[in-house]
Each structure stands twice: as C-alpha cells, then as structure tokens.
Amino acid sequence: MSSMSNRPLWHADQKRYESSHMYRFMKTVQQRYDAKINDWRSLHQWSVENLAEFWDVLSDFTSIKWIQKSSGPSILPQKGQMLGAKWFPGSRLNYAENLLCHLVSSNFISSYTQERQVHRLNFQAIYKKIYNLSNRLKQLGFKKGDIVAGILKNDVDAIIAMLATTSCGGVWVSCSVDFGYKSILSRLQQVQPSYIFFCQDYKYKEKIYDCTQSHKNIIKKISSLRCGFLVGSDKTELFSQTCPIYSYEESLSSLIRGERSLSHETLSFEPMAFDDPLYILFSSGTTGPPKAIVHTVGGSLLQHKKELMLHCDVKKGESMFFFTTCAWMMWNWMVSALSIGANVITYDGSPVYPSVMSLWSLLEKEKISHFGTSPKFISSCMKNKVSPKTESNLTNLRTLLSTGSPLLSKHYKWVYKDVKNDIHVASISGGTDIISCFMLGNPILPVYAGEIQSPGLGMSIAAYDGEGNELIDKKGELVCTRPFVSMPAGFLNDLDGQKYEKSYFHFYRNNQVWKHGDFIEINSRMGVTMLGRSDTTLNPGGIRIGTSEIYNSLSDIDEILDSLAVSRPKGEDVEFILFVKLKDKMILSQDIKDKIVQSICKDLSPRHKPAEIFPVSFIPYTKTGKKVELMVTQILRGEEVSNQLALEKVEVLNEFYSFTKQNE
C-alpha cells in the first residue's frame, strides 16, 4: 500500500513557477530539440532517455565556462551498463574559474563564529587572496594533480585554500578540525597529500580545543608532505620538525598589496579534463574503514549547478547558507553556489549556541534565501518550542533544505506552521558517494509531508525488489539504472576498480545498476519516501521494516525525544528492539510502552510492533548527524563495531554494551 499523502503543504504561485530556472530550462529543451515536453514528468523522462543531449544543453543553460569545449558528443556505454561513460571528451575547464567567473562587485563570502564575529570578503578580496595563495603554491613547486589536505574550521579560509588549490589543478581533500587524531590520520594516510592547511585550535560552545599536539603528530606521520600552512596563528615553529610550515596569513599578502584591481581574468587557471580528479571525499566509516572516493572536476561542477539552479532555484545575488563542516559533502555542494553568482555564508560551531534561535537570527541578519539544515536541528527547535516566524524576520528566506536523515512529516508541518507558510521545503538525498543527490526538491512541484518531491533530472532512479523488478508504490532498494556525470572516478588506490564495482554494481546479476543502499518507496507521482538504510532494515519473521517508518510513527508521542530501531538475533530469526530517549526525568512506564505499540500497530501493522522496548540516555549519531543503527546492531550481535571514530560521541555506545551484557 502506498504511503503517499494527498494534500500538498505548498506549491509555487504562477509568478514563482514561471520565473524558476526549472521552468525556463523546460522551455529551453522544448525549443532546442522540438521535444514534446509539457510538464515535469515528460521533462524528466526526456532527460534520462537522452543523456548526452541533456547534459550538453544543461552545460549551456547553466553557463559552464569552458577553456575548450569539444564538438564531439559524450560517449555512453551500451544499454544495461553503467560503467565506461566518457562525458565531454576532449573538453577542458577549471572548477575554481567556474566558481569565480560569475561573481560581481556585490558578491561576498561571510564566515560566522558562535559569538557572531564575522569575517566578510568581497569579490576583490576573494580574487586577491586566491591570486596570492595560488602563486605561493607554485613557488613551492606545486604541480597539477598534487593532493592538498585541509584540517580547517568551516570559514572563508577553507574556501580560499580550496579555490587556490583547484585553480592550480590540484585535488582537495578535507577533514573536519573536530575529528580526532586517529580519525584524521586514517584518512590522510590513504591519500598521502603533498601540502596541508591546518589550524591550531577550534571552539565548540564554550570550550576551546587545542589541536597542537594532534596536528604535530599527524604532520610527522604523513611522509609525503612537502610543506604546510598554519591558519590563524603565527606559531609555525611548533610544527616544523619534519617539513617546512608557513604562515597562511603571510602567504596571502606576500605578492599583491594595496588596491590593485583583480578579476578572474587576472588569475591563472589550469586546464582540466572533465573527468580529472577534483575532490577526494571519505565515506562515513559507519560500515568499515572510511573509503577514499575520487570525484571529478566536470561531474561535480555540472551536477552541483543543476541541483542548485534547477532544483533549488538559487539565483544570482541570493545567499546560500548550509550548516555543515568541511568534511561533509554539503560543504562542497554549498561552495558551488558561487558558480551561480550567489553569496555563501559559513558558520563554525554549535548550531544551538548560545540558543536554539542562533541560526535563525543569522538568517535574518544575512537576508539568507536558501538555508540548509537537518532533521536533528529541526527536532531541537520543536523540542524547545521556538517559533522563528515570530522571533525573526525571515522575509528573504525562500527555500529550506534538509538532509542527513529522512525529514519526517512532523518536521514539514512544523516548518510551515512555525517558520513560514510560503516556503519551499526541499528534503534532499544522495551522498558522499556521488557528491550530489539522487532525489531532491523541485520548485515547480507541490510539497507533500514526509516526501522528497522528485528524482533529479538525468537521474534514472527506481525502487527494485531482490530480483531486479521495478516497484511503484511499494518498498524496495534505491537503484540508478543509467550513468550520470557525478559518478565517482573510483576509489583511491583501487587500481583495477574491483572494490568500486563490488561496492555498487554487483548486487543484481542481470542488471548493472548502481545500488545505493537506501530503502525507499517511489509513488505514482514520482515522490520518494525514505525508509532508512537497507543494511539496517529490520526483517523479523520476513516482514521488512524501514527504520524511518518506525521513527515517523513515534514522532507524535510527546514523551519521546528520540528513538533507535535495531534488530537482535533470536534463534534462526531476528526480533525488533526499540530504544527510546524520553523527556527529562521521565520513566518508561507501561502506559508509555502501550502508547508506542498502539501507534506502531495503527500506523504500520501489528507485525511491526517491537519485541522489547528499553530506555536509554542518549541516541548515537555520526558527526554528520546520522543515526547509527548498524553499530548498535553489531553490539547486540556481539560483533566488532566498525570505526567508532565516526561517532559524534563515542562514549554513548557504553550504555548499549552494558545493555547487551545485562541481557545475555
């Protein structure tokens, strides 16, 4: 039975509909290809059936700046194959140039700390810093293809370092400054960077964390380093034992001083092939050691511009702010908004310090049009009973984006009740694996509670059963059946590509499709409901249950702040165990248990009810805000827990270890 809602929460008025990039793109395709396209469904169908033409017209519509564009078409593998596509063969471009060439005098990047200290750079200052830093890198022997690592706060300096690197043809890899020593080392030892940008400390809430010893040890362990840049401090002598360490600030001002005017034409940009490497991102590590995933210059850029312009309707002069760290792909995605001529605002620290209204106040101050957040933050706002629409002026806010975990119906309804009634709420989902989205918002479609609006253009997604049959209005595995430009170049050091192929393409014997590992339902209007990760899907008695379905059912029970649904072995079967975090000082009474069971039986079925329910003090999350059902499942099964360093708070697992011992 389909779970789709029949009453939309929002739809664009005619003026917003017809002024959207998506509507204008639909008209462009109609005119250029004389295509019979009169609505979203026919546009999406055309985009996945005519991939070479779609990505070509998209590159024109989004104003990709080519150093050289080949006249030859993209080369696609035969039908039924995903691997081997050659996009824009012979063409040359540069990612940094594409991010800078659309900026005008009114554009800026602003970085905020928790204390609301702001560091704002206008377009001239941006150009000057990139010019100086890129030339400093070249003086130090930088070559195309060199890997540069950043262990930095989420501020403007991280963006400048990345743009200077990529302007020279380098590959950028980032670790969040709040990662621990072992977590950073396990990543950087895989990639062996030649250069490193790092800071000495960071602040979270009221505490300052000194990273001096950790970063000294990391620099000692990375034998490939030629030199490094210390950001925000002049104490370079503390880190110079094994390779030269320079002051980042001095490097920014060493070549051009004064008021000389610069533009992107003044800068030098290394020509790159469309499929040359741009970024190395790491998987979360919740299912094993973090995988180093290589993403391409053209694929990342073109996919991001499609999503930001067409699906999010970001326009020149508007302002994008996504709460993220430098280690999450949403940072890379957010920064690409510069390529549209939008402003970018960054924030470093706790999103709820000194209060849960802090970010909403920032939206007002910066007149932000597009705000990216997570269900976890929205839940925190709901818990604290704040009403941003009455406490902040959000006139400029047009779109609220959410990712990291499924956005539940209650979250949608809260936004429209307490944030703004005329706002595009866009839940988006994809991942580090593709540095983009499979399904996301759509400004010309209605918004329904608990439902992602549509697949991305050019993304041929489906829900499959175990035999590879497509399902509509039924639950299945998320797959993508046709190639797309942001497929990774592969995994680093996977020379024959076997690990890459095995990770995504070997599940269905008769079809080479990308299996992403999400459990979803696609309804007849092409809306997508996220049901959880397929590797944590519950399956007691052969009844497949998506964990998100459980969380959605519990969302209206006032006594529950958070919950975690996992399975535990029982004979030859498994049983569904539910952990709940209750409101302060509440006890898990039989009345609350009955309320939980009644809600699940009513919303889902009696077969979905948990075998047992237990209270816990905390629910474990990764640093990027994802619940870690798999780690708790491993604990309950007595298995080794994979990569605990991915957790926001490792000590939270202790309660589950104790629970397992008590229930042996």
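Every number here is computed from the coordinates shown, using simple stated rules; none is lab data. In this text the structure is predicted, and so the values were computed from the model without any measurement. Positions of Cβ are backbone-derived with ideal geometry, glycine not excepted, and every protein chain shown enters the neighbour counts.
Summary of computed values
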item	result
The chain - percent relative contact order, Cα under 8 Å, separation 6 or more	13
Bridge type composition, the stretch 542-664 - antiparallel percent by DSSP, nearest 5	75
Directionally averaged shadow of the stretch 340-380, computed from the convex hull of its alpha-carbon atoms, nm²	3.3
Length added when fully stretched, LYS79-SER224, from 0.36 nm per residue minus Cα-Cα	48.0 nm
Note, ³J(HN,Hα) from phi for the stretch 271-281, Karplus 6.51, -1.76, 1.60, rounded to Hz, x at Gly and Pro	x, 10, 5, 4, 9, 5, x, 10, 10, 10, 10
Cβ-based exposure ranking for ASP210, ASP473, ASP494, ASP348, in which fewest neighbours within 10 Å come first	ASP210, ASP473, ASP494, ASP348
Cα-based Rg of the stretch 537-662 normalised by 2.2 N^0.38 Å, two decimals	1.02
Estimated distance in nm for a label pair at SER355 and ILE208, the labels positioned 7 Å out from Cα along Cα-to-Cβ	2.7
For the stretch 339-391 versus the stretch 183-200, the gap between their alpha-carbon centres in whole angstrom	30
Virtual spin-label span in nm between ASN217 and LYS585, 7 Å along Cα→Cβ	4.2
DSSP bridge orientation in the stretch 123-270 - percent antiparallel, rounded to nearest 5	20
THR266-SER524 FRET efficiency (beta carbon distance; Förster radius 45 Å; 0.05 resolution)	0.25
Percentage, to the nearest whole number, of Cα pairs in the stretch 113-184 over 17 Å apart	50
Convex hull of the stretch 25-139 built on C-alpha atoms - directionally averaged projected area, nm²	12.3
Radius, Kirkwood style, for the chain when every pair of distinct Cα atoms is counted (Å)	25.7
For the chain, share of DSSP beta bridges that run antiparallel, in % to the nearest 5	55
Residue pairs, from the table LYS65/LYS144; LYS581/LYS609; LYS515/LYS602, whose Cα atoms sit over 26 Å apart	LYS515/LYS602
Alpha-carbon centroid distance for the pair the stretch 406-420 / the stretch 40-116, whole angstrom	32
Inter-site label distance for LYS570 and GLN45 at 7 Å from Cα along Cβ, in nm	4.6
Where only alpha carbons of the stretch 430-559 are counted, the Rg and the Dmax (Å)	15.8, 53
Residue-by-residue Karplus 3J(HN,Hα) for the stretch 107-120, coefficients 6.51, -1.76, 1.60, Hz, glycine and proline x	6, 7, 10, 10, 10, 10, 9, 4, 7, 6, 6, 10, 10, 10
Contact order normalised by residue count of the stretch 537-662, Cα under 8 Å, 6+ apart, percent	22
Zero-based 5 Å bins, Cα pair distances in the stretch 504-564, whole percents	4, 15, 17, 20, 22, 12, 5, 3, 2, 0
At R0 = 22 Å, FRET efficiency that the Cβ-Cβ distance of LYS143 and ASN493 yields, to 0.05	0.65
Contour excess over end-to-end distance, with Cα ends at ASN421 and SER106 and 0.36 nm allotted per residue	110.4 nm
Stretchable slack from LYS593 to GLN189, in nm (0.36 nm times residue separation minus alpha-carbon distance)	140.7 nm
At q = 0.27 Å⁻¹, base-10 log of I(q)/I(0) for the stretch 177-218 (Debye sum, equal scatterers on each alpha carbon)	-1.03
Hydrodynamic radius of the stretch 123-270 per Kirkwood, over alpha carbon pairs, in Å	15.6
The chain, helix-only ellipticity at 222 nm - DSSP H runs n ≥ 4, -39,500 (n - 2.57), divided by all residues, nearest 500	-8500 deg cm²/dmol
Rounded D (µm²/s) - the stretch 290-419, Kirkwood Rh over Cα pairs, Stokes-Einstein at 10 °C, 1.306 mPa s	103
